[in-house]
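> Starting off with a structure, shown below.
The values are calculated or read from the model by the stated rules, or taken from the named source; none is laboratory data. As the structure is a prediction and not an experimental result, all values here were calculated from the model. With ideal geometry, Cβ positions are generated from the backbone for all residues, glycine too; neighbour counts draw on all protein chains shown. When the accessible area is computed, the model is the full protein with side chains, heavy atoms only, and any ligands, DNA or RNA have been set aside. Shrake-Rupley method; radii C 1.70, N 1.55, O 1.52, S 1.80 Å.
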Amino acid sequence: MSDTHEKIDHDFYTTERWSNWLGQVKESGFEFKEEEENSGKEGAIFVTMEDDIILACLKVIAKYENKTLPLDDAIAIIKDIREITLEEVEPVSEDIDMMLESVQTALAGSFAACECYIAGDFDKESSIEDLIAVAIEFEEAEDIDSAITCIAQVGALILDGKSLPEAAMEDLPYGLVAEWLDGIDSVEAAMIGADGYKEDDGEDDGS
């Protein structure tokens, strides 16, 4: 499937909103520290930034499910949000760059899940545990496209109402699959945390 698509006007997420978050990240002066308290407090900006993007995607899905947004437009908007937030960011500092890269990698899993769910390109009877295991095998074989396809289906199942099994999330080998699953975990957390996005009109000032 081609990634090219016609941009459509929308207020779900904008370049200005992303730039605003990047500005806040730079101002945070985040550094990895031995004192976990300090690092954790400053690192909260990255969690909030990621949650804001995921909520924007959930609003798109809600509009699609409410039949106020056509399928093609919903997918196009998710792709647009992905393009805005996954663009290469100018270096800030080693620690901030590392955190931003981690956020973007996790979001790649979230976006793939949203597109897969909207398109209905998944089997509701699939086993999440099996999909994760197969994704890990694909990553080990350096078949990254197939790996993220599996994770997209995992995320679609989560968006469809299933839960991430704790056992499958434990002892994941470090790599892309683990980071993509962090993005899926964030989607699940956002869905559990609040459902106000379902009634939201899509217009938001962001942070």
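> Filter the range 80-97 down to residues that are surrounded by fewer than 19 Cβ atoms within 10 Å (Cβ to Cβ), assigned to a helix (DSSP H, G or I) and touching a residue at least 12 places away in the same chain (Cβ under 8 Å), then give me how many there are.
Selection size over the range 80-97: 3.
> Continuing with the same structure: Look through the range 62-75, keep the residues that are open to solvent by 10 Å² or more (accessible area, probe 1.4 Å) and part of a helix (DSSP H, G or I), and return whichever of them is nearest to residue 29 (Cα to Cα).
Only one residue tops the list, namely 75.
> Tell me, yes or no, whether the range 112-120 has at least one residue that is at negative phi, open to solvent by 10 Å² or more (accessible area, probe 1.4 Å) and without any contact (Cβ under 8 Å) to a residue 12 or more places away in the chain.
No.
> Would you mind stating whether residue 3 is modelled with pLDDT under 95, open to solvent by 80 Å² or more (accessible area, probe 1.4 Å), part of a loop (DSSP other than H, G, I, E, B) and farther than 22 Å from residue 104 by Cβ? Don't jump to the end; show me each part of the working.
On the way: modelled with pLDDT under 95: yes; open to solvent by 80 Å² or more (accessible area, probe 1.4 Å): yes; part of a loop (DSSP other than H, G, I, E, B): yes; farther than 22 Å from residue 104 by Cβ: no.
When the stated conditions are applied, residue 3 does not pass them.
> Would you confirm, using the coordinates I've provided, whether residue 170 is modelled with pLDDT of 90 or more, of a type in the set (Asp, Glu) and within 24 Å of residue 102 (Cβ to Cβ)?
Numbers: modelled with pLDDT of 90 or more: no; of a type in the set (Asp, Glu): yes; within 24 Å of residue 102 (Cβ to Cβ): yes.
Here the answer is no, as residue 170 does not meet what is asked.
> Starting from the range 46-70, take each residue that is farther than 19 Å from residue 104 by Cα and in contact (Cβ under 8 Å) with a residue 12 or more places away in the chain and list its partners that are assigned to a helix (DSSP H, G or I) and open to solvent by 70 Å² or more (accessible area, probe 1.4 Å), counting only C-beta distances under 6 angstrom and pairs at least six apart or across chains.
Correct list of pairs: 62/198.
One line per residue, one yes/no per condition, for (1) under 27 Å from residue 119 (Cα atoms); (2) surrounded by 14 or more Cβ atoms within 10 Å (Cβ to Cβ); (3) among the hydroxyl-bearing types (Ser, Thr, Tyr); (4) at pLDDT 95 or above:
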site	(1), (2), (3), (4)
7	yes, no, no, no
15	yes, no, yes, yes
29	no, no, no, no
43	no, yes, no, no
78	yes, yes, no, yes
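> Follow-up. Do we have residue 54 as at pLDDT 95 or above, within 13 Å of the chain's Cα centre (by Cα) and surrounded by fewer than 21 Cβ atoms within 10 Å (Cβ to Cβ) here?
Working: at pLDDT 95 or above: yes; within 13 Å of the chain's Cα centre (by Cα): yes; surrounded by fewer than 21 Cβ atoms within 10 Å (Cβ to Cβ): no.
Here the answer is no, as residue 54 does not meet what is asked.
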